[in-house]
Amino acid sequence: METLASWLPIVGAVLTLIFGLIGFFKPRLLLDNLDIELKSPAAVSEARAVFGGLNLGMAIVALSLGEPVIFTALGVTWGVMTLARFWSLAVDGIGVKGAIPGIVVDGLLCFLFLSPHILG
């Protein structure tokens, strides 16, 4: 199990890299599925920065340095994002059906990054 647990954070970083590339180069591809409208060039720029730049930067650092503490920090980040999804269920009225995809993706990435701590 130790070998698998050591590879899962790398899988998480690669998935984060893919999300980052899509967010950077094709933000509408991500956001149209989330029913988020980009009504101005400034909105597109903001989406590129948040969904592209942050994810790309995190993934590049994790993959290039390979330090366990970086993978742990990313796991905590995805975990807090998952927590934000649950909070949104409680206070924003998003509904369970609308929240499930985000909870699954964010929770999976959290697990992948934290797997050495969870499985080890």
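Read the figures in this text as sums done on the coordinates, not as results from a lab. Predicted, not measured: the structure shown is a model, and the values here were computed from it. When we count neighbours, we look across all protein chains shown, and the Cβ atoms used for this are built from the backbone with ideal geometry, even at glycine.
By the gyration tensor of its Cα atoms, with a ≥ b ≥ c the square roots of the eigenvalues, what is the shape of the chain: rounded for a/c under 1.5, prolate for a/b over b/c, or oblate? Could the numbers behind the result be given before it?
On the way: a/c = 2.53, a/b = 1.37, b/c = 1.84.
Oblate, since a/c reaches 1.5 and b/c is not below a/b.
Computed from Cα atoms, the angle from the helix 96-119 axis to the main principal axis of the chain rounds to 20 degrees.
Cβ under 13 Å from Gly23's Cβ, Gly23 left aside: what net charge do those residues give with Lys, Arg +1 and Asp, Glu -1? Show your work: numbers first, answer last.
Working: positive: Lys26, Arg28, Arg48; negative: Asp32, Glu46.
Neighbour charge sum, excluding Gly23 itself: +1.
Computed from the Cβ-Cβ distance with R0 of 30 Å, the FRET efficiency linking Val44 to His117 stands at 0.20. Charge tally around Pro101: other residues with Cβ under 12 Å, Lys/Arg +1 each, Asp/Glu -1 each, net 0.
Starting with the fewest neighbours, write out Asp106, Asp35, Asp92 ranked by other beta-carbon atoms found within 10 Å of each beta-carbon. Before the final figure, lay out the partial values.
On the way: Asp106 19, Asp35 7, Asp92 11.
Arranged by neighbour count, lowest to highest, Asp106, Asp35, Asp92 become Asp35, Asp92, Asp106.
Label-to-label distance for Ser88 and Val105 is 1.0 nm, based on points extended 7 Å past Cα in the beta-carbon direction. Between Pro68, Pro41, Pro27, the Gaussian network model of the chain with springs among Cα atoms under 10 angstrom shows the greatest mean-square fluctuation at Pro41.
Can you tell me the FRET efficiency between Leu65 and Lys26 if r is taken as the Cβ-Cβ distance and R0 is 25 Å, rounded to the nearest 0.05? Before the final figure, lay out each step's value.
Details: r = 27 Å, r/R0 = 1.08.
It comes out at approximately 0.40.
Once the Cα atoms of helix 2-25 and of the chain are each reduced to a long axis, what angle between those two axes, in degrees from 0 to 90 to the nearest 10, is obtained? Once rounded, the angle reads 20 degrees.
One decimal place: the segment Leu54-Ala5 gains 15.2 nm when fully extended, by the rule 0.36 nm per residue minus the C-alpha distance.
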